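Written below as structure tokens is the structure these notes are about.
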Amino acid sequence: ESKEIDVMLILDRSGSMGDAAQAALKAVKAELARSLEQLDSVHQFQIIFYNERPVAFNPTGVPGKLAFATDQNKQRAVRFINSIVPDGGTRHDDALKMALRFRPDVIFLLTDGDKPELSDEQIEEISRRASGIAIHTIQFGIGPATGGGFLAKLAKENGGQHTYVDLAEYLQNKDRR
């Protein structure tokens, strides 16, 4: 029996995520669709795509609600995911603050970690608002991982893990699957 866990997925859709033949956003969409498949109907989830502005998935027509992971909502989510194109700049903090208002159990932030980075003050404010919500960060890049910077710090301060995905390696392995 699976515990009901409310999952929030925050995905960067800024212009930089479309670089390298849109590899980052393609990888994010594929991973997201795969992770939705893992959810049972007792789980609730929400998806936020962001650039300068966050946009939340809204299958119920009632803003600010998590959606149950029914087959119908998962299909709607995949359509929502596939409608997103990379565009614009990056504002991580607005998307994170919007996500925290849903009060999920866990947040996954998927981004290339492009500028502007979150300041220490912004990370402190997000951590204060999170108060117990685990925040995991998944960073997409090309080539070997760097230290993770603000994304690693955000995850560490909120009981989460920071993961780096090398897109060059990801794309090679995907061809072998």
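The values are calculated or read from the model by the stated rules, or taken from the named source; none is laboratory data. If you're wondering where the values come from, they're calculated on a predicted model, not measured in any experiment. Glycine gets a Cβ as well: all are built from the backbone with ideal geometry, and neighbour counts include every protein chain shown. For the accessible areas, the whole protein counts, side chains as well, though only heavy atoms, and no ligand, DNA or RNA atoms are used. Shrake-Rupley method; radii C 1.70, N 1.55, O 1.52, S 1.80 Å.
Taking the conditions exactly as written (open to solvent by less than 30 Å² (accessible area, probe 1.4 Å) and more than 21 Å from residue 163 (Cα to Cα)), does residue 74 satisfy them or not? Yes; evaluated as a whole, the condition is true for this residue.
Every condition in (1) free of Cβ contacts under 8 Å to residues at least 40 places away in the same chain; (2) over 23 Å from residue 40 (Cβ atoms); (3) surrounded by fewer than 20 Cβ atoms within 10 Å (Cβ to Cβ) is met by residue 123 except one, and the failing one is (3). Please work out which residue is least open to solvent (accessible area, probe 1.4 Å), limiting yourself to region 26-43 and to residues that are touching a strand residue (DSSP E or B) at 6+ places or on another chain (Cβ under 8 Å) and over 14 Å from residue 108 (Cα atoms). Checked region 26-43; the qualifying residue least open to solvent (accessible area, probe 1.4 Å) is 27. Against the test of being at positive phi and without any contact (Cβ under 8 Å) to a residue 40 or more places away in the chain, the options 147, 159, 88 yield a single qualifying residue, 159. How many of the residues making up region 46-63 are in contact with a helix residue (DSSP H, G or I) (Cβ under 7 Å, 6 or more places away or on another chain) and free of Cβ contacts under 8 Å to residues at least 40 places away in the same chain? Result for region 46-63: 3. Condition check for residue 99 on (1) within 15 Å of the chain's Cα centre (by Cα); (2) within 25 Å of residue 132 (Cα to Cα); (3) modelled with pLDDT under 90; (4) of a type in the set (Gly, Ala, Ser): one failure, at (3).
Total residues in region 5-51 satisfying the condition of being of a type in the set (S, T, N, Q), in contact with a Lys or Arg (Cβ under 9 Å, 6 or more places away or on another chain) and over 23 Å from residue 100 (Cα atoms): the figure is 1.
Number of residues in region 44-63 that are closer than 21 Å to residue 91 by Cα and open to solvent by less than 60 Å² (accessible area, probe 1.4 Å) equals 10.
Matching residues to (1) out of contact with any Leu (no Cβ under 9 Å at 6 or more places or on another chain); (2) under 17 Å from residue 17 (Cβ atoms):
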{"residue": "76", "(1), (2)": "yes, no"}
{"residue": "79", "(1), (2)": "yes, no"}
{"residue": "89", "(1), (2)": "yes, yes"}
{"residue": "94", "(1), (2)": "yes, yes"}
{"residue": "98", "(1), (2)": "yes, no"}
{"residue": "113", "(1), (2)": "no, yes"}
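With respect to the conditions (1) in a helix (DSSP H, G or I); (2) closer than 16 Å to residue 97 by Cβ; (3) not aromatic (Phe, Trp, Tyr), residue 152 falls short on a single one, namely (2).
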